[in-house]
Amino acid sequence: MAFADTPPWLSRYESGKYQPVTFLERGVALPFTTPALLGGRIRPGRKAAELVLANPAGAEGVYILSWASLPDVCTPTLHDRALWGRVAQLAILTPGTVRQASRAVAAEGLAGRAAARAAAEAERQSRRARTITHYHLLVELVRQDDPGSSRAASQPWDPAVLEERARAALSRRRGSNSSAASAFEALAELAELFEACGLPDDPSQARMPQQAAEIQAVVQAMIRWSERATATERSCTRLLAECASLTQRCFQHAMTEAHALLADLSGLVERWQRGQDPIANIAARPEWLLDGWELICGLWRGAAEEQRATALLDMAALVPVVPREVGDWIGFDAAGAVVEHRSGLRQWRRMVQPNQDWTTGRILELVARNEAVRVQCA
């Protein structure tokens with residue numbers, strides 16, 4: 001049933017109770033700047049991509065529309081219209097592929113110069129992280145091939161010597177130079193795969209460990225702020241913190257499993273060459289788990305002190321659903337726990353004045369806010 005403050009035309013797209021089974025069913029978060037699209041996600045449908053929008057009334061459930069109907073929801077900004085067109089062309093939908101597409105759109109300056117600069121810098125950092133990850137994978141491969149070597153792990157390698165040693169290690173495992181050459185290429189592909197979640201001890205300062213640290217920092221900032229806030233605001237802060245804690249617990253488990261794949265690099269390369277999906281799925285879990293939290297953190301960071309209470313309204317509505325598949329590999333009902341916390345956040349949100357600014361004339365102000373948040377989601 002649609003709530004009174006839900007636009008009537010949107011009611012026919014209401015999904016009812018929403019508990020996706022997989023991450024792909026939940027969809028990938030998009031950095032929209034149009035207020036009515038804030039927190040929107042894209043997911044594959046039976047025939048074409050679909051748009052998933054949170055209920056604007058703050059009630060349970062989402063609205064699922066065909067991707068082509070996005071202009072019917074609102075008048076999107078130029079940035080969002082370009083993003084709408086670009087992500088629809090993606091053959092595979094993951095947080096990584098969507099991030100690359102959204103960076104390309106931001107680099108065109110459609111969300112402002114600051115977002116364009118942030119996108120360019122983020123892309124440079126990604127290339128650097130990929131290079132460092134590749135280097136450390138080569139070092140680890142050589143170390144695993146010759147564990148008795150007296151060379152210190154922290155001692156830098158000459159790139160040419162390191163590549164020669166790595167190729168030799170792969171050749172010994174496979175017995176031919178041709179298969180070793182293809183294995184060396186596979187190792188470069190694995191470096192790209194692990195660029196986001198990084199390696200143990202994070203020598204590349206990878207994006208996902210940094211984002212997890214940012215979530216923790218924002219939670220601590222919210223807790224400090226809530227000491228001076230009202231009782232209802234403290235309640236919301238507590239629920240947000242508990243959602244973040246559950247997500248972090250799942251994230252750390254996923255990171256441990258991803259890093260465990262690296263214990264036998266030569267064997268991992270062989271498995272990668274036989275079939276990429278099982279390895280790629282495990283390595284992608286950390287990024288899927290944190291997908292959507294970057295926007296929540298950006299809303300808090302972008303809010304001035306007097307705007308924090310208002311920011312909580314949007315943050316409470318955007319806490320990502322945890323798909324049921326997480327319980328299969330995490331060992332407890334994380335999805336159910338987050339459902340309970342999200343229910344509490346909905347109740348809190350409906351106790352206070354719902355944020356109707358996107359329907360009451362403050363659209364330009366909110367677009368500017370969302371563009372500022374867009375800088376932090378590069």
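The values are calculated or read from the model by the stated rules, or taken from the named source; none is laboratory data. The shown structure was predicted, so the numbers you read here are calculated from the model rather than taken from an experiment. When we count neighbours, we look across all protein chains shown, and the Cβ atoms used for this are built from the backbone with ideal geometry, even at glycine.
Details
- Residue within the stretch 273-294 that is in a helix (DSSP H, G or I), touching a helix residue (DSSP H, G or I) at 6+ places or on another chain (Cβ under 7 Å) and at pLDDT below 95 present: yes
- Test: Ala372 is modelled with pLDDT under 90, over 26 Å from Glu195 (Cβ atoms) and either touching a Phe, Trp or Tyr at 6+ places or on another chain (Cβ under 8 Å) or in a helix (DSSP H, G or I) (or both): no
- Residue tally, condition within 30 Å of Pro44 (Cβ to Cβ), buried (at least 18 other Cβ atoms within 10 Å of the Cβ) and free of Cβ contacts under 8 Å to residues at least 60 places away in the same chain, over the stretch 102-144: 4
- Taken as a whole, the condition of being closer than 30 Å to Arg124 by Cβ, at pLDDT below 90, surrounded by 21 or more Cβ atoms within 10 Å (Cβ to Cβ) and of a type in the set (A, V, I, L, M, F, W, C) does not apply to Ala316.
- Qualifying residue in the stretch 213-221 (condition: within 25 Å of Ala169 (Cβ to Cβ), surrounded by fewer than 22 Cβ atoms within 10 Å (Cβ to Cβ), in contact with a helix residue (DSSP H, G or I) (Cβ under 9 Å, 6 or more places away or on another chain) and modelled with pLDDT of 95 or more): no
- Extreme residue, farthest from Ala160 (Cα to Cα), among residues of the stretch 127-144 that are of a type in the set (Val, Ile, Thr) and in contact with a helix residue (DSSP H, G or I) (Cβ under 7 Å, 6 or more places away or on another chain): Thr133
- Candidates in the stretch 73-101 are the residues that are polar (S, T, N, Q) and over 20 Å from Pro323 (Cβ atoms); of these, the one that is surrounded by the fewest Cβ atoms within 10 Å (Cβ to Cβ) is Gln89.
- If the condition is being under 17 Å from Leu37 (Cβ atoms), more than 20 Å from the chain's Cα centre (by Cα) and among the hydroxyl-bearing types (Ser, Thr, Tyr), then the stretch 73-132 contributes Thr75, Thr77.
- Options Val269, Val322, Val326, Val338: the member that is part of a helix (DSSP H, G or I), modelled with pLDDT of 90 or more and more than 30 Å from Ala180 (Cβ to Cβ): Val326
- Leu70, sole failed condition from (1) outside any helix (DSSP H, G or I); (2) buried (at least 20 other Cβ atoms within 10 Å of the Cβ); (3) over 21 Å from the mean Cα position of the chain (by Cα): (1)
- Within the stretch 292-308, residues that are closer than 11 Å to Arg369 by Cα sit with their Cβ atoms under 9 Å from residues that are of a type in the set (Ser, Thr, Tyr), at 6+ positions apart or across chains, in these pairs: Ala303/Thr310.
- Taking first residues from the stretch 181-196 that are free of Cβ contacts under 8 Å to residues at least 24 places away in the same chain and partners that are surrounded by fewer than 21 Cβ atoms within 10 Å (Cβ to Cβ) and in a helix (DSSP H, G or I), the Cβ contacts under 7 Å between residues at least 6 apart in sequence or on separate chains come to Phe184/Arg167.
- Candidates Arg117, Arg103 - the one that is of a type in the set (Lys, Arg), farther than 27 Å from Leu312 by Cα and at pLDDT 95 or above: Arg117
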